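The values are calculated or read from the model by the stated rules, or taken from the named source; none is laboratory data. Fair warning: this is a prediction, and the values are worked out from it, not measured in the lab. Neighbour counts run over all protein chains shown; Cβ positions are idealised from the backbone, glycine included. These accessible areas exclude ligands, DNA and RNA; they are computed on the full protein's heavy atoms, side chains included. Shrake-Rupley method; radii C 1.70, N 1.55, O 1.52, S 1.80 Å.
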Amino acid sequence: MSVDVIVGLQRGDEGKGRFVDMLAGEHDIVARFNGGDNAGHTVVLPDGRDLALHLVPSGITHPATMNVIGNGTLVNASKLVAEIAAIQTKDIEVNKRNLMLSSAAHLILPHHIYDDKIRETGSGRQGSTKSGIAQVASQKAMRAGARVELINDNPEDLLTLVYESLVAQRRMRDEAEIEPINEMAVAKEYLENAQRLGSFVTDTVLYLNQQLRAEQPARVLAEGAQAFWLDIDHGMYPFTTSSSTTSGGACTGLGIAPAFIDRITGIAKAVPSHVGGGPFVTEITDGEQLQRLHGDMTTIDAEKGTTTGRVRRLGHLDLPQIRRSQLVNGVDGKQEMALTKLDWVHRYGDAAKICVAYMLEGKRIEIAPDAAYKLELVTPVYESLPTWQEDIQGVRQFADLPKAAQEYVSFIETMTEVPITLIGVGPRRDQVIIRGSL
Ligand code: GDP
């Protein structure tokens, strides 16, 4: 068994990127299995500069690591070209020796993005990132999508498809008062960008399986974007994304068998956040507390989106939601959890409230229900834990944490029945407490 999976247990932005970045050095391959450029990770490079990643796996900062954009992802060729260029400006090499793009991934085309914009201007708006994700996913399901393989195998068809789709959409764009475009110019520009990716295109399913079955099997780190509550099947439907964000999604999104999965690390953030619409049982609305929890917007760890810059909704830690994520992801006592932003818990004030259960129609439940409208019906049951005021960003040993911080972590372990093996105490690569074997 040689695949380790990292997944978010909440609603995204848990800080998965920094752990993938940290663990990448111990793996031969880092592979993204879901989502598109709507996701965003921020990693801090050893020299202190930060790097925003959207579709490129976080292993790209490690020279000896191969990075795979798997078949389960959704790829906007123009955005990917721009992302690669931005990475290269930080003197990080990106070429076919360290990046592969699955030929079976689906291409997000310009008309998908316009469709997304049109929908967001109308009554069906869902707070989408306007990346065309839902549009390309629905075309994939309708077997009418364009896969990455077209880039090298049939570029003329790709050009025609982009152009004709834009022309067919023209009336809808006009009605939504979107600036007129030259469809052929847009299509040609997209194809040009797509062709810049030609050398990365590979049958990554075959590659990964060969590497996993080699005499010296490769160690693969499967990197999930977004998080459990945004999963299309298991999240708070309809406020979800369009792909699988669970550990099971790693198998379909990379084409690997479940038996290869060794370790599953679920990431939870001590200060849960959410971007966009949908229920948020433990949401904080108090302005003063919110301001403290958002942080200084000029810093890397402020609570605003990496991709959109949108300020995040914030709340108290919600264990019923984490427990449901654990069930479906298999993050049980044999696996492990990573907790980020322990260094922010003091921002709640003298005490941090933790939601330990819900009340639903007069009954106490420990595990959150599975749909948005059901989450609207519950009320949180809180316990309060004392916080601490010491700065813990320099702490590297669990035993050196203030007692209240140790008790806070132990409380979550007890309530979720899973060991917390990694604790983030700051955004930098080294600002982590490692407990156990990692
Ligand atoms: P991801 O999409 O799950 O990787 O999360 P993001 O990268 O969008 O958001 C996490 C943000 O929090 C990034 O700016 C990280 O550098 C930062 N971060 C991650 N872990 C910690 C932590 O333990 N403490 C602090 N202060 N910041 C953290």
Inset, instruction - Return the whole-Å distance between the Cα centroid of the range 289-303 and the Cα centroid of the range 1-49. - result: 22
Inset, instruction - State the antiparallel share, in %, of DSSP beta bridges confined to the chain, rounding to the nearest 5. - result: 40
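How high is the relative contact order of the range 266-434, in percent, with contacts defined as C-alpha pairs under 8 Å that are six or more residues apart? All intermediate terms of the calculation are to be shown ahead of the outcome.
Working: 307 pairs, mean separation 43.2, N = 169.
Here the relative contact order equals 26 percent.
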Inset, instruction - Quote the accessible area belonging to I118 in square angstrom, nearest 10, computed with a 1.4 Å probe and with ligands, DNA and RNA left uncounted. - result: 30
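Any idea what the dipole of the range 266-434 comes to, in debye rounded to 20, about its Cα centre with Lys/Arg Cβ at +1 and Asp/Glu Cβ at -1?
In total the dipole reaches around 400 debye.
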Inset, instruction - Kindly express, to the nearest 10 degrees and within the range 0 to 90, the angle between helix 183-196's C-alpha long axis and the longest C-alpha principal axis of the chain. - result: 70
Legend entry - Qualifying lysines (Cα of each under 18 Å from Cα of K363; at least 8 residues distant if same chain): K374
Legend entry - Low-density loop cleavage sites - trypsin sites (Lys or Arg not before Pro) in the range 301-335, where at most 10 other Cβ are within 10 Å (DSSP): K334
Legend entry - Cα shape, the range 1-94, gyration tensor, a/c 1.5 rule: rounded
Legend entry - Alpha-carbon centroid distance for the pair the range 221-266 / the range 408-438, whole angstrom: 22
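Hey, got the dipole for the range 1-78? About the Cα centre, +1 on K and R Cβ, -1 on D and E Cβ, debye to the nearest 20?
On the way: 5 positive and 9 negative charges, 34 e Å.
Computed about the Cα centre, the dipole is about 160 debye.
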Inset, instruction - Could you work out the local net charge near I365, counting Lys and Arg as +1, Asp and Glu as -1, over the other residues with Cβ closer than 15 Å to its Cβ? - result: 0
Legend entry - Listed residues Q326, L290, I365: farthest to the positive end of the dipole of the range 266-434 (Cβ charges): Q326
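Which of rounded, prolate or oblate describes the range 331-390 when judged by the alpha-carbon gyration tensor and an a/c cut-off of 1.5? Display every interim value, and only then the final one.
Working: a/c = 2.44, a/b = 1.47, b/c = 1.67.
It is oblate, given that a/c is not under 1.5 and a/b is not larger than b/c.
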Legend entry - Amide proton proximity set for I108, modelled H, under 5 Å, gap of 5+: V75, N76, A77
Inset, instruction - Give me the percent of the accessible area of the range 1-69 that comes from carbon and sulfur atoms, probe 1.4 Å, all protein chains in place. - result: 51
Legend entry - Nitroxide proxy distance, nm - points 7 Å out along Cα→Cβ at T160 and D50: 4.6
Legend entry - Simple label model, 7 Å out from Cα along Cβ direction - A259 to D332, nm: 2.0
Inset, instruction - Would you please classify the overall shape of the range 266-434 from the alpha carbon gyration tensor, given that a ≥ b ≥ c denote the square roots of the eigenvalues, rounded means a/c under 1.5, and beyond that prolate means a/b larger than b/c while oblate covers the rest? - result: oblate
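Just subtract the alpha-carbon distance of D400 and M184 from 0.36 nm times their residue separation and send over the number in nm, one decimal.
On the way: separation 216, 0.36 × 216 = 77.76 nm, distance 6.23 nm.
Full extension of this stretch gives 71.5 nm more.
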Inset, instruction - Could you provide, to the nearest whole Å², the per residue accessible area of the chain with probe 1.4 Å? - result: 41
Inset, instruction - With a 1.4 Å probe and every protein chain kept in, tell me what percent of the accessible surface of the range 266-434 is carbon plus sulfur. - result: 51
Legend entry - Low-density loop positions, trypsin sites (Lys or Arg not before Pro), the range 145-237 - DSSP coil, at most 13 other Cβ in 10 Å: R213
Legend entry - Equivalent ellipsoid semi-axes - Cα gyration tensor, the chain, angstrom: 36, 26, 20
Legend entry - Candidate lysines - alpha carbon under 27 Å from K341, same-chain residues fewer than 8 apart omitted: K16, K90, K269, K304, K353, K403
Legend entry - Eligible aspartates and glutamates near K96 by straight Cα distance, threshold 14 Å, same-chain separation 8 or greater: D203
